[in-house]
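Below you'll find the structure, written out as structure tokens, and then a few comments.
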Amino acid sequence: MADYSDLIGVSFKNHGRDVKNGLDCYGLVMEVFKRNGVILPEFDAEFDDIKKISSIIHDEQVKPLWRRIDTDHEDIPVPCLMAIRFGVPKPYVNHTGVYIGNGKFIHIRENIGVCIDRVINPAWKKVIEGYYTYEG
């Protein structure tokens, strides 16, 4: 597993794309993928625009850029984007994180900053909508 310790605690900033000035959840996804040699396309949405974020994620499912991982039959690759439904009703998705291996994912919370959690934690297990690998 790569070392992301320098990211822990980086503060949340809406539209944040710079580790020094703050990241939003997709900015963190972009940074983690970049560190693994993958440059992701930009998506622009307000962090609290649930419908737009969900629309971006669902629209991308039909394009060849992202492929949903069938976790019943496939191992989750590293890095792998995680779509999360955080405090909103289905089918909306309003948060992203990155699976980084060993049952852990990295993400950012508005009040906490960048942190690492376990996917089997009951608080997260129920709200993870899917895992996606980048194929762009």
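The values are calculated or read from the model by the stated rules, or taken from the named source; none is laboratory data. These figures come from a predicted structure and were not determined experimentally. Neighbour counts run over all protein chains shown; Cβ positions are idealised from the backbone, glycine included. The accessibility values were calculated without ligands, DNA or RNA, using every heavy atom of the protein model including side chains. Shrake-Rupley method; radii C 1.70, N 1.55, O 1.52, S 1.80 Å.
Kindly flag which residue pairs out of K90/K126; K20/K51; K52/K104; K34/K125; K20/K125 have an alpha-carbon separation exceeding 20 Å in this structure.
Beyond 20 Å between Cα atoms: K20/K51; K52/K104; K34/K125; K20/K125.
Below 15 angstrom from the Cβ of I116, what's the summed charge of the other residues (Lys, Arg +1; Asp, Glu -1)?
Counting the neighbours of I116, the net charge comes to 0.
Helix-only estimate, please: 222 nm mean residue ellipticity of the chain, summing -39500 (n - 2.57) across DSSP H runs of length 4 or more and dividing by its residues, to the nearest 500. Show your work: numbers first, answer last.
Values: 3 runs with 27 residues, N = 136.
Here the helix-only value at 222 nm equals -5500 deg cm²/dmol.
Enter the accessible area of D6 (Å², nearest 10), with the probe set to 1.4 Å and all protein chains included.
Counting only protein heavy atoms, the figure is 90 Å².
Going by average Cβ density within 10 Å per residue, which order do the peptides 69-79, 10-20 take, highest to lowest?
10-20, 69-79
Pop out the ³J(HN,Hα) list for segment 112-129 in order, Karplus 6.51 cos²θ - 1.76 cosθ + 1.60 with θ = phi - 60°, rounded to Hz; leave Gly and Pro as x.
In residue order, the calculated couplings are 10, x, 5, 8, 10, 10, 9, 5, 7, 4, x, 5, 9, 3, 7, 10, 6, 8 Hz.
Could you list the GluC sites (Glu not before Pro) in segment 98-136 that lie in coil according to DSSP, counting only those with at most 12 other Cβ atoms within 10 Å of their Cβ?
Answer by residue number: E135.
As a test question: what accessible area, to the nearest 10 Å², does M30 have when a 1.4 Å probe is rolled over all protein chains in place?
40 Å²
Counting DSSP beta bridges with both partners in the chain, what percentage is antiparallel, nearest 5? Show your work: numbers first, answer last.
On the way: 23 of 24 bridges.
Around 95 percent antiparallel, to the nearest 5.
Would you tally the net charge around N21, using a Cβ to Cβ cut-off of less than 13 Å, leaving N21 out, and scoring K and R as +1, D and E as -1?
Neighbourhood net charge equals 0.
For the chain, what size does the Cα cloud have along each of its three principal axes, sorted from largest down, in whole Å?
37, 32, 32 Å, listed from the longest principal axis down.
Whenever you get a sec, compute what percent of the accessible area on segment 84-136 sits on carbon and sulfur atoms (1.4 Å probe).
Within segment 84-136, the accessible surface is 49 percent carbon and sulfur.
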